[in-house]
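Participant: Got a structure for you, questions after.
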Amino acid sequence: MRQIYLDHVSAMPIDPRVLAFAKRYVTNDFGNPSSLHSAGLTAKRAIEDARQRVAELINAEDETCIIFTSGATESNNMAIKGTALRNIRKGKRVAASAIEHISVLNPAKELQKSGFELTLIPVDQAGIVDIGKLADILTEDTTVTSIMYANNEIGTIEPIEAIGEIVHEKGLYLHVDATAAAGRIPIDVQNDGIDLLTMSSNDMYGPQGGGALYIKPGVKLQPILPGGGQERGLRSGTENLFAIAGMGEAARIAKDEMGPESERLKGMRDQLIDEISKIEESYLTGHPTQRLPHHASFRFSRIEGESILLNMDMYNIQVATGSACTSRTLEPSHVLLAVGLKHEEAHGSMVMTLGRSNNAGELPIITKAVKETVQRLRILTPM
């Protein structure tokens, strides 16, 4: 039985073209970028080339706006804690949407130990940030407001440009977690009024263990990882040359191929939504149209998401239920609760995220497996 992988929101395979490009940096050109000899200079050039390519993907002002990190979690921590602590004299309030990833919410909560006040911004049933409540919540003391570009669990894309206007009118800086969106949909940090933006290498077919943070010129951060002064002194430590070079190549490919690939995936996504929505007591989660092109998410009454995941795996089809980063807890998804679902409703979620390896011929196999899984579990369930 051939594998059908539908959990690209949790992990993506490295693109073979990226691997072919970057493997030289773990075999031949492995020098330390801080060294002044020829091997070090070769490594340094690879990092700066990657920086340029990542900057071009999001239309950053220039490549110096990009800081490389170990991944989205570190980028989010740097953005939230680094900006809040560096600008503490301007205020001790931070805000975030109620559906942010845990790597945004936990650093924001950590700031409360330093006397900061955290306010969560509500969303509607589709996961769209309440613009009116946002305007009411923010004050001139709000140093950082964090709103994700698109949600990894329900696929909803936020109106970032409108949010940016409100943040800059009422508060100070807007941070956007674009982990789920970068490489999937066009992002223009200058047009959208974004001050800080998080990206992940593996979430655009690059190596794991790499990420980046865009920092708008003029925005000041406090380093959260002091040491040798790499990455403009904001992120010390010898650079992960393979991951950074790979991320740069992944960004280049994403920029070149995003348009047609997104349209291809959107067509498949819509077919999945149409077919799975025919199942009795199945409901689409997230916005019906304002969603990521590869993302189809549902909830089913009277069954558990973990059971769905395990049963689908028996068909050699890998799906998700909620966020992989919070899968160790039995608590329902905070995202689904925030959009108004009851606890028992939030437990029955399934997330499918398509990728480059998927094709239209797989759709009948997928929908058949989902229908059989739901039917089987409803017979067995005590709910």
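The values are calculated or read from the model by the stated rules, or taken from the named source; none is laboratory data. Keep in mind that this is a model prediction, so the values were computed, not measured. Cβ atoms come from the backbone with ideal geometry, glycine included; neighbour counts cover every protein chain shown.
Participant: If you go through the range 24-52, how many residues are basic (Lys, Arg) and crowded, with 21+ Cβ neighbours inside 10 Å? Even if it seems obvious, please write down each step before you answer.
Facilitator: Here is the first cut: in the range 24-52, the ones basic (Lys, Arg) are 24, 44-45, 51.
In the following step, the residues that additionally are crowded, with 21+ Cβ neighbours inside 10 Å were identified as 51.
Final tally of qualifying residues: 1.
Participant: Pairs, please: C-beta under 7 Å, at least 6 apart or cross-chain, first residue in a helix (DSSP H, G or I) and in the range 354-370, second of a type in the set (Phe, Trp, Tyr)?
Facilitator: Matching pairs, first to second residue: Ala369/Tyr315.
Participant: I've got another one for you. What tally of residues in the range 143-179 results from selecting those that are within 27 Å of Ser349 (Cβ to Cβ) and part of a loop (DSSP other than H, G, I, E, B)?
Facilitator: 12
Participant: Look at the range 274-318 and say how many of its residues are touching a residue at least 24 places away in the same chain (Cβ under 8 Å), assigned to a helix (DSSP H, G or I) and of a type outside the set (D, E, K, R). Steps first, answer last, please.
Facilitator: Of the range 274-318, the ones touching a residue at least 24 places away in the same chain (Cβ under 8 Å) are 275-276, 279, 282, 285-288, 290-305, 307-309, 311-312, 315-318.
Filter once more, keeping what is assigned to a helix (DSSP H, G or I): 275-276, 305, 307-309, 311-312.
From what's left, of a type outside the set (D, E, K, R): 276, 305, 307-309, 311-312.
Of the residues in that region, 7 qualify.
Participant: Kindly establish whether Val18 is closer than 21 Å to Met199 by Cα, surrounded by 13 or more Cβ atoms within 10 Å (Cβ to Cβ) and in contact with a strand residue (DSSP E or B) (Cβ under 6 Å, 6 or more places away or on another chain). Walk me through it before giving the result.
Facilitator: On the way: closer than 21 Å to Met199 by Cα: yes; surrounded by 13 or more Cβ atoms within 10 Å (Cβ to Cβ): yes; in contact with a strand residue (DSSP E or B) (Cβ under 6 Å, 6 or more places away or on another chain): no.
For Val18, the condition - closer than 21 Å to Met199 by Cα, surrounded by 13 or more Cβ atoms within 10 Å (Cβ to Cβ) and in contact with a strand residue (DSSP E or B) (Cβ under 6 Å, 6 or more places away or on another chain) - is not met.
Participant: Just to be sure I understand the filter: pairs with C-beta atoms under 6 Å, separated by 6 or more residues or on different chains, first member in the range 224-235 and assigned by TED's automatic domain parsing to the domain that holds Ile67 and under 14 Å from Ser75 (Cα atoms), second member of a type outside the set (Asp, Glu) and assigned to a loop (DSSP other than H, G, I, E, B). Which pairs pass?
Facilitator: Sorted first by the residue in the range 224-235, then by its partner, the pairs are Leu225/Ser236; Leu234/Leu221; Leu234/Pro223.
Participant: Of the residues that sit in the range 225-243 and are in a loop (DSSP other than H, G, I, E, B) and in contact with a Leu (Cβ under 8 Å, 6 or more places away or on another chain), which one is farthest from Ala108 (Cα to Cα)? Before you say what the answer is, go through the steps one by one.
Facilitator: Step one: of the range 225-243, the residues in a loop (DSSP other than H, G, I, E, B) are 226-234, 236-240.
Then keep just the ones that are in contact with a Leu (Cβ under 8 Å, 6 or more places away or on another chain); that gives 234, 236-237.
Details: Leu234: 19, Ser236: 22, Gly237: 24 Å.
Going through the qualifying residues, I end up with Gly237.
Participant: Same structure again: From the residues in the range 58-98 that are among the hydroxyl-bearing types (Ser, Thr, Tyr) and part of a strand (DSSP E or B), which one is surrounded by the fewest Cβ atoms within 10 Å (Cβ to Cβ)? Working first, answer last.
Facilitator: Of the range 58-98, the ones among the hydroxyl-bearing types (Ser, Thr, Tyr) are 64, 69-70, 73, 75, 83, 97.
Pick out the ones that are also part of a strand (DSSP E or B) and you get 69, 97.
On the way: Thr69: 29, Ser97: 26.
Per the stated criteria, the residue is Ser97.
Participant: If you go through the range 136-172, how many residues are touching a residue at least 24 places away in the same chain (Cβ under 8 Å) and more than 21 Å from Arg86 (Cα to Cα)?
Facilitator: Selection size over the range 136-172: 19.
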